[in-house]
1. Condition first: small (Gly, Ala, Ser), under 23 Å from Leu27 (Cβ atoms) and surrounded by fewer than 20 Cβ atoms within 10 Å (Cβ to Cβ). Now tell me which residues in the range 51-90 satisfy that.
2. Residues being more than 21 Å from Leu151 (Cβ to Cβ) and free of Cβ contacts under 8 Å to residues at least 40 places away in the same chain: count how many of those fall in the range 99-128.
3. If I ask for residues that are out of contact with any Asp or Glu (no Cβ under 8 Å at 6 or more places or on another chain), crowded, with 19+ Cβ neighbours inside 10 Å and outside any loop (DSSP other than H, G, I, E, B), which ones from the range 122-141 would you list?
4. Any idea which of Gly75, Gly71 is closer than 22 Å to Ala94 by Cα and at pLDDT below 95?
5. Among the listed residues Ile74, Ile100, identify the single one that is in contact with a Lys or Arg (Cβ under 9 Å, 6 or more places away or on another chain) and of a type outside the set (Ser, Thr, Tyr).
6. Any residue that is among the small types (Gly, Ala, Ser) and within 12 Å of the chain's Cα centre (by Cα) - is there at least one of those in the range 43-61?
7. Looking at (1) without any contact (Cβ under 8 Å) to a residue 60 or more places away in the chain; (2) touching a strand residue (DSSP E or B) at 6+ places or on another chain (Cβ under 6 Å); (3) β-branched (Val, Ile, Thr), which is the one condition that is false for Val12?
8. Only one of Val8, Val12, Val34 is buried (at least 16 other Cβ atoms within 10 Å of the Cβ) and over 13 Å from Pro143 (Cα atoms). Can you tell me which?
Amino acid sequence: MSQIVVRVRSNVGVERSIKETLNMLNLTKVNHAVIIPDNAQYAGMLQKAKDYITWGDATAEMVESMLRERGRLIGDKPLTDDVVASESEHKDIATLAKAIASDDVSVKAVTGLKRVFRLHPPRGPKGWGGIKRSFTVGGALGPRGDAISSLVERMI
């Protein structure tokens, strides 16, 4: 199963090795999100940058919503079913989202698709809930599991 990773905090005062890790994840700005495969290499990167990001399990519905609403091609063109059919082996965004969520393919499967999703800050009265505390104590940082869907839904 793939992971959705969202950058919560900025670069100010970040140790160099953590900054490099965030750059390797393509998380260069706050409120940017990426979808990564669930493997040991990425797990180590997530643990290293856990004080600056939040992540959780990607569902097919959430990946499809991210691709439809926030998926952009090079040149800032929106992602459509026609583009997915012509630039990948999938027939539409829904089948691509299922394949990405199940870790069969990555976002790189569509030629020209940007790997970073630019999201809004979280809407609603809670917002982030505190960007210096872990999710387990009511903050925004670290692993969320399935609760990432509610956060990303408020950010799309």
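1. The answer is Ala60, Ser65, Gly75.
2. Of the residues in the range 99-128, 8 are more than 21 Å from Leu151 (Cβ to Cβ) and free of Cβ contacts under 8 Å to residues at least 40 places away in the same chain.
3. Selection gives Phe135 alone.
4. One residue alone meets the criteria, Gly71.
5. Details: Ile100 fails: in contact with a Lys or Arg (Cβ under 9 Å, 6 or more places away or on another chain).
Ile74 is the lone residue from the list that is in contact with a Lys or Arg (Cβ under 9 Å, 6 or more places away or on another chain) and of a type outside the set (Ser, Thr, Tyr).
6. Kept after step one, since they are among the small types (Gly, Ala, Ser), are these residues of the range 43-61: 43-44, 49, 56, 58, 60.
Restricting the remaining residues to those that are within 12 Å of the chain's Cα centre (by Cα) gives 56, 58.
Yes - at least one qualifying residue is present in the range 43-61.
7. Failing condition for Val12: (2).
8. Numbers: Val8 fails: over 13 Å from Pro143 (Cα atoms); Val12 fails: buried (at least 16 other Cβ atoms within 10 Å of the Cβ).
One residue alone meets the criteria, Val34.
The values are calculated or read from the model by the stated rules, or taken from the named source; none is laboratory data. Keep in mind it's a predicted model, so treat the numbers as computed, not measured. All Cβ positions, glycine included, derive from the backbone under ideal geometry; neighbour counts span all protein chains shown.
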